[in-house]
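Reviewing the structure listed below.
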Amino acid sequence: MTQEELLPQIYKKDDKAFTLLYDMYAKSLFGVIFNLIRDKEEAEDVLQDTFVKIWKNIDSYNESKGRFFTWILNIARNTAIDKLRSKNFNNNQKNLSSDNFVHILDDPSKINNKIDTIGIQEFVKKLKPKCIQLIDLLFFKGYTQQEASDELEIPLGTVKTQNRNCINELRNLLKV
Amino acid sequence: MNSREYIESGILELYVFGKLSEEEKLEVQQMAADNPAIRTEIAAIEQAVINLSHSVSPNISAETYDKIRAELLGDDPKVIAMKSKTNWSQYLGWAASVVILLGAAFMYLQMNDQMNGVINEEIEKSKSEFDKMQKTIVTLEDQNKATQTVLNIIRDKNNTVVTLGGQPVAPTAVAKVYWNKATQTVYIDAEGLPEAPQGMVYQVWALKLDPLTPTSIGLLEKATAATTKMYKVDNTTEAEAFGITLEPEGGSATPTMEQLYTLGKV
């Protein structure tokens, strides 16, 4: 279903709207949240907060604000980052920069049913290490180009095109 | 800048990631409005990252699904505001009939109260049944996905399939190896192995025959493939046979040959 078909349904905020929203995006958002939080229970709390925010503010969203997915992705990332910064969250800051999304796949205890991920594990691991880092920082963790350039020590001017090449590689593997 | 150059610049990826300034964002939207190729490209980039993040997501518990659902849709019935009518005079003619109606309504409401109790009970019952079914569906979807993955492994034409037959210690045991030389992956179907005793684990060996050299390619830990019994183990490039032995938890450096459960030549 395209964004254009989805939005009129979601604006209704009824049962069907919830089901569509949840089925299409919950797991993707949870992947992003979990990659930041690294604690399943805490991450599920953040997912819940994220959905409440989306639902509450959905009337204020329109397509001039960008893609719907981008809008909810920002809410998810910001909610997770707020959680990490909150005083009572026992967080090892080092993890934020050193763990990337591929590490989730390496830890079987984090994935209830590991076989689900076998297919994707194969191709995700075929991504160049540089690409894994770049996609992790820019997409999953929401770094700016400047921050990613500093962290990975690559020239600022090449961040955009390097990232483009990496996403192309991913699309080839995924056939999207 | 033509649309191809614009696409290749990498700006659309950052647009989807939500990492552009307000100004750049407007520019992308303008370009997209005039150009279907750019719109298609944006949708494809979005699909790729949605799939990627989806696939690294751990399962979301049924409780969290219930909590989110209840919070978003739950105990917040819509209130319909009543408009008050101020112009009473035009209704005077109806007063008599209203009195009669009120009498009827009173009786109706009394009956209704009794009925409501019954109906509410029914609604509660349906609700909890619905919740139970929701949970079942989530579980079934998970299982279905696992089964699909197994089917994909089995159907892959690039596989070399090796059947490992039972050995003296376990004559009825059987296992299968799916060795995909193209993707360099090895899967073990362990459905035909008896349950490993407490404190023990099955270990898979890739064997070279002359001279006999076993190399461990992995342990079949119960937790990693609880429902499907299809395990992914390390790649091997030059196995001539595969064997599975029962070893103490954590595995052994060399196979315990008395505990050889299954064996098969490539």
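The values are calculated or read from the model by the stated rules, or taken from the named source; none is laboratory data. All values reported here derive from a predicted model rather than from experimental measurement. Here the Cβ positions follow ideal geometry from the backbone for every residue, glycine too, while neighbour counts run over all protein chains shown. Accessible surface areas use protein heavy atoms only, side chains included; no ligands, DNA or RNA. Shrake-Rupley method; radii C 1.70, N 1.55, O 1.52, S 1.80 Å.
Here are the numbers for the structure shown:
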| quantity | calculated |
| --- | --- |
| Tally, over the stretch A:124-167, of residues that are assigned to a helix (DSSP H, G or I), more than 9 Å from chain B (Cβ to nearest Cβ) and either open to solvent by 40 Å² or more (accessible area, probe 1.4 Å) or in contact (Cβ under 8 Å) with a residue 40 or more places away in the chain (or both) | 11 |
| Inter-residue pairs, beta-carbon under 7 Å, first within 7 Å of chain A (Cβ to nearest Cβ) and in the stretch B:45-72, second acidic (Asp, Glu), 6+ apart | B:45/B:13; B:59/B:142; B:60/A:44; B:61/A:44; B:64/A:44 |
| Residue B:134 loosely packed, with under 10 Cβ neighbours inside 10 Å and farther than 30 Å from residue B:232 by Cβ | no |
| Residues that are under 33 Å from the mean Cα position of the chain (by Cα), modelled with pLDDT of 85 or more and in a loop (DSSP other than H, G, I, E, B), drawn from the stretch B:210-266 | B:249, B:251 |
| Checklist (1) within 11 Å of chain A (Cβ to nearest Cβ); (2) under 21 Å from residue A:68 (Cβ atoms); (3) modelled with pLDDT of 95 or more applied to residue B:10, failing item | (2) |
| Leading residue by the ranking (farthest from residue A:36 (Cα to Cα)) among those in the stretch B:56-77 that are open to solvent by 20 Å² or more (accessible area, probe 1.4 Å) and of a type in the set (Gly, Ala, Ser) | B:74 |
| Considering residues of the stretch A:22-39 that are over 14 Å from residue A:101 (Cα atoms) and open to solvent by 50 Å² or more (accessible area, probe 1.4 Å) only, the residue nearest to the other protein chains (Cβ to nearest Cβ) | A:24 |
| Wholly within the stretch B:105-192, strands (runs of 3 or more DSSP E) carrying at least 1 residues that are in contact (Cβ under 8 Å) with a residue 60 or more places away in the chain | B:159-166, B:175-180 |
| Conditions (1) more than 10 Å from chain B (Cβ to nearest Cβ); (2) at pLDDT below 80; (3) open to solvent by 40 Å² or more (accessible area, probe 1.4 Å); number of the one not met by residue A:89 | (3) |
| Search result, residues across the stretch B:193-206 that are free of Cβ contacts under 8 Å to residues at least 40 places away in the same chain and either outside any loop (DSSP other than H, G, I, E, B) or over 21 Å from residue B:221 (Cα atoms) (or both) | B:206 |
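Results for (1) buried (at least 18 other Cβ atoms within 10 Å of the Cβ); (2) away from chain A (no Cβ under 12 Å), shown as yes or no for each residue.
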residue: B:156; (1), (2): no, no
residue: B:242; (1), (2): yes, yes
residue: B:253; (1), (2): no, yes
residue: B:260; (1), (2): yes, yes
